[in-house]
1. Name the pairs: first residue in the stretch 233-258 and in contact (Cβ under 8 Å) with a residue 12 or more places away in the chain and among the aromatic types (Phe, Trp, Tyr), second residue open to solvent by less than 50 Å² (accessible area, probe 1.4 Å) and assigned to a loop (DSSP other than H, G, I, E, B), Cβ to Cβ under 6 Å, at least 6 apart or on different chains?
2. Of all residues in the stretch 70-86, count the ones that are more than 20 Å from residue 30 (Cβ to Cβ) and either in contact with a His (Cβ under 7 Å, 6 or more places away or on another chain) or outside any strand (DSSP E or B) (or both).
3. When you check residue 198 against the structure, is it closer than 20 Å to residue 53 by Cβ and open to solvent by less than 50 Å² (accessible area, probe 1.4 Å), yes or no?
4. Go over the candidates 299, 304 one by one and state the one that is surrounded by fewer than 19 Cβ atoms within 10 Å (Cβ to Cβ) and farther than 21 Å from residue 209 by Cβ.
5. Among the residues of the stretch 162-195, which ones are among the aromatic types (Phe, Trp, Tyr) and either crowded, with 16+ Cβ neighbours inside 10 Å or within 14 Å of residue 234 (Cβ to Cβ) (or both)?
6. Do any residues in the stretch 1-21 that are surrounded by 13 or more Cβ atoms within 10 Å (Cβ to Cβ) have Cβ atoms under 7 Å from those of residues that are of a type in the set (Ser, Thr, Tyr) and modelled with pLDDT under 85, where the two are at least six apart or on different chains, and which pairs are they?
7. For the stretch 42-69, what are the residues that are surrounded by fewer than 17 Cβ atoms within 10 Å (Cβ to Cβ) and assigned to a helix (DSSP H, G or I)?
8. Can you tell me which of 266, 291 is aromatic (Phe, Trp, Tyr) and part of a strand (DSSP E or B)?
Amino acid sequence: MTTKNLGFLNFGHWIHRPRVGRRPVEPDAKQAIDDVVQMAVDAEAAGLDGAWIRIHHFQRMFSSPFPILTAMAAHTERIHLGTGVIDLRYENPLYMAEAAATTDLLAGGRLELGVSRGSPEAARDGQAQFGYELADGQTWSDVARERGRRLLAGVRGEGIATPDLSSGWAHSSAPLRIEPHSPGLADRIWWGSGTVGSAVEAAKDGYGMLSSTLLLQDDGRPFHVQQADQIARYLEAYEAGGHTTPARTAVTRSAFVIQDHEDELYFGRDRHSRDSSGHLDGGAARSGPTYAGSAEEVAELLAADDAVQAADWVLFANPNQLGAEYNAKLFAGWAEVWRLLGWDS
């Protein structure tokens with residue numbers, strides 16, 4: 001039997017779409033946070049392996065991951081808790097290393113920390129408002145890579161700061177590491193990659209590779225075929241890098257098991273969905289289809305998806321706007337698909 005990890009990826013929208021036949025719900029940050037904590041509980045009960053959240057700034061979406069992840073950890077025991085992804089343009093990497101290690105210790109070693117350069121955003125000057133600006137000749141991609149490597153050094157427990165032996169506080173004459181240290185967390189850091197090139201760079205640095213929901217490249221082939229090539233190139237580069245821990249790959253899909261009339265109203269139109277292609281950031285881009293149908297139909301579509309077949313983790317984007325109760329039903333449908341595919345852990 002093949003074991004493949006199944007999780008959800010929650011985009012964290014505060015605006016709740018009313019369910020069929022129910023009253024509209026006003027935008028509510030607390031409700032969205034309470035819901036995702038309950039979703040982690042329900043996903044664990046359904047047998048899922050991961051509960052991941054997406055992070056954005058200056059939008060009505062989750063922006064501060066570590067308190068949310070800690071709350072999710074406090075209400076669960078087994079499920080892994082991840083970010084897909086944290087935008088390093090907004091982060092102090094060593095402060096983030098401290099917060100991540102603290103969260104991982106509280107979670108009992110269940111944190112899956114996804115980071116990257118980030119995606120297009122609402123604020124034109126967002127990083128500047130956080131106190132970060134580019135120096136001459138820098139790009140945000142360069143800054144994110146540099147901060148990512150600094151984050152890795154901190155999480156790995158490498159000596160960073162020079163001890164002041166005259167202070168009476170320095171406990172070692174060797175360079176001081178970030179505290180607390182959470183053993184194993186460094187092996188659970190992922191880089192969000194939208195191109196083959198960024199996947200190869202992630203492999204060189206020793207990250208897991210979290211393939212984007214949108215590939216910033218398009219040669220005309222189906223999304224899942226191009227994404228499978230991205231995974232293959234990442235694995236080749238990872239092996240060439242001589243790392244001592246296994247490579248790890250993850251992809252995200254939109255997939256909905258239609259179990260009743262309400263599901264049909266929401267997702268029935270997606271039964272014959274196809275790839276979408278266009279332009280973003282000055283180049284070609286492609287995203288994949290939505291898979292919708294019975295559990296058997298969704299299982300058949302996933303079995304024919306090259307990238308899903310190649311990945312270690314498959315995350316399904318969940319409609320958090322519909323609330324925790326609806327998503328609990330959705331998780332049960334996904335678990336049935338996993339059973340049909342023989343991918344149960």
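The values are calculated or read from the model by the stated rules, or taken from the named source; none is laboratory data. Fair warning: this is a prediction, and the values are worked out from it, not measured in the lab. Every residue, glycine as well, gets a Cβ built from its backbone with ideal geometry; the counts of neighbours run over all protein chains shown. For the accessible areas, the whole protein counts, side chains as well, though only heavy atoms, and no ligand, DNA or RNA atoms are used. Shrake-Rupley method; radii C 1.70, N 1.55, O 1.52, S 1.80 Å.
1. Within 6 Å, the pairs are 238/247.
2. The number of residues fulfilling the criteria is 5.
3. On the way: closer than 20 Å to residue 53 by Cβ: no; open to solvent by less than 50 Å² (accessible area, probe 1.4 Å): yes.
In short, no.
4. None of the others qualify; the one that does is 304.
5. Going through the stretch 162-195, the residues among the aromatic types (Phe, Trp, Tyr) turn out to be 169, 190-191.
190, 191, listed by residue number.
6. 5/345
7. Hits for the stretch 42-69 are 45, 67.
8. On the way: 266 fails: part of a strand (DSSP E or B).
Result of the check over 266, 291: 291.
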